[in-house]
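Please find one structure pasted underneath; my questions will follow.
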Amino acid sequence: MGKIVAAAATSHIMMSSHGVEEQAKNVVEGFRRFGRYIQDARPDVIVCMSSEHMVNLHLDNMPAFCVGVGDKHMAYGDMDIPKVQVTGHRDFAQSFVQHAFDNEFDLATSEELLLDHGVMLPLLYANPGMKIPVVVLLTNIMTQPMPSMKRCVKLAQVLRETIETLRPENERVAVIGTGGLSHWLPPGTGGINEEWDRMLLDVISSGRVEELYDLSTEEIMEKGGNGGQEIRNWIMMASMVQGRQGRILYYEAPQSWATGMGSVVMEV
Ligand SMILES: [Fe+2]
């Protein structure tokens with residue numbers, strides 16, 4: 001059986017430091033520390049749980065979840081991120097998809113996933129050189145209906161079971177949940193809810209993630225904004241190591257970025 005050797009969550013944007021130089025510096029340092037945490041765990045595979053941003057999936061066909069199963073993925077190239085190739089892990093991805101089907105999740109799959117900032121920005125720090133194979137799970141947080149938190153957590157447990165019961169002995173897996181803390185899109189339609197963000201960071205890092213399993217889409221919308229729906233990815237990550245404590249690497253609320261920024265790494 002495999003083993004979860006790292007579990008972490010991070011925001012996934014980077015914007016101009018103009019006027020918010022100190023905060024931007026802390027964000028970059030936070031990304032560096034996040035990256036070092038993943039690299040120090042020496043994973044054989046990285047599972048990145050991010051959000052669909054209408055890059056791969058569109059209004060004509062929007063599944064709740066989609067897994068990249070290809071041998072390789074290409075970076076989409078947004079946010080000035082180089083269009084590099086990222087190695088996939090077909091065997092891992094297929095194991096997960098099959099186990100999900102066996103557990104009443106009919107996941108969408110893609111052979112040609114494009115990796116936007118949601119995956120690539122964290123990977124630039126966690127997987128420099130892109131040598132470690134990556135499996136991507138995208139969740140729909142853009143259109144209604146979105147999968148419930150309970151459904152997301154259930155799928156995360158299927159992923160954990162895949163790692164711990166179906167994967168080869170000693171396979172080392174890093175799990176990353178990515179997405180913004182509170183933000184309202186488009187920018188200018190809301191601010192940053194620092195109190196909400198700090199509550200989420202506190203609950204997740206103190207090993208009490210199960211307190212967030214009842215969060216509804218409506219409550220997240222009210223307190224964290226439409227962009228804040230991405231907190232699903234953080235909660236899915238933490239649910240896979242439920243009960244473990246974590247460390248908050250940083251929190252910043254740069255007003256001109258219009259999003260709460262933060263990162264948490266778990267003790268696994
Ligand atoms: Fe996002």
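Taking the range 52-64, which residues are more than 16 Å from the ligand (Cβ to nearest atom) and surrounded by 14 or more Cβ atoms within 10 Å (Cβ to Cβ)?
63, 64 - these are the residues of the range 52-64 that are more than 16 Å from the ligand (Cβ to nearest atom) and surrounded by 14 or more Cβ atoms within 10 Å (Cβ to Cβ).
Name, by its number, the condition in (1) within 16 Å of the ligand (Cβ to nearest atom); (2) part of a strand (DSSP E or B) that does not hold for residue 27.
(2)
Moving on to the next point. Hey, any hits in the range 38-51 for a residue that's surrounded by fewer than 17 Cβ atoms within 10 Å (Cβ to Cβ), out of contact with any Gly (no Cβ under 8 Å at 6 or more places or on another chain), over 20 Å from residue 266 (Cβ atoms) and modelled with pLDDT of 95 or more?
no
Being under 26 Å from residue 143 (Cβ atoms) and without any contact (Cβ under 8 Å) to a residue 40 or more places away in the chain is the filter here, so list the residues in the range 62-77 that pass it.
77 - this is the single residue of the range 62-77 that is under 26 Å from residue 143 (Cβ atoms) and without any contact (Cβ under 8 Å) to a residue 40 or more places away in the chain.
Considering only residues that are farther than 23 Å from residue 258 by Cβ and either touching a Phe, Trp or Tyr at 6+ places or on another chain (Cβ under 6 Å) or among the aliphatic types (A, V, I, L, M) (or both), look in the range 1-24 and name the one that is farthest from the ligand (Cβ to nearest atom).
1
Sticking with this one: Could you check how many residues of the range 7-24 are assigned to a strand (DSSP E or B) and touching a Pro at 6+ places or on another chain (Cβ under 6 Å)?
1
For residues that are within 16 Å of the ligand (Cβ to nearest atom) and more than 16 Å from residue 50 (Cα to Cα), tally how many sit in the range 153-182.
Of the residues in the range 153-182, the ones within 16 Å of the ligand (Cβ to nearest atom) are 176-182.
Pick out the ones that are also more than 16 Å from residue 50 (Cα to Cα) and you get none.
Selection size over the range 153-182: 0.
The values are calculated or read from the model by the stated rules, or taken from the named source; none is laboratory data. All figures in this text were calculated on a predicted structure; none of them were measured in a lab. Neighbour counts run over all protein chains shown; Cβ positions are idealised from the backbone, glycine included.
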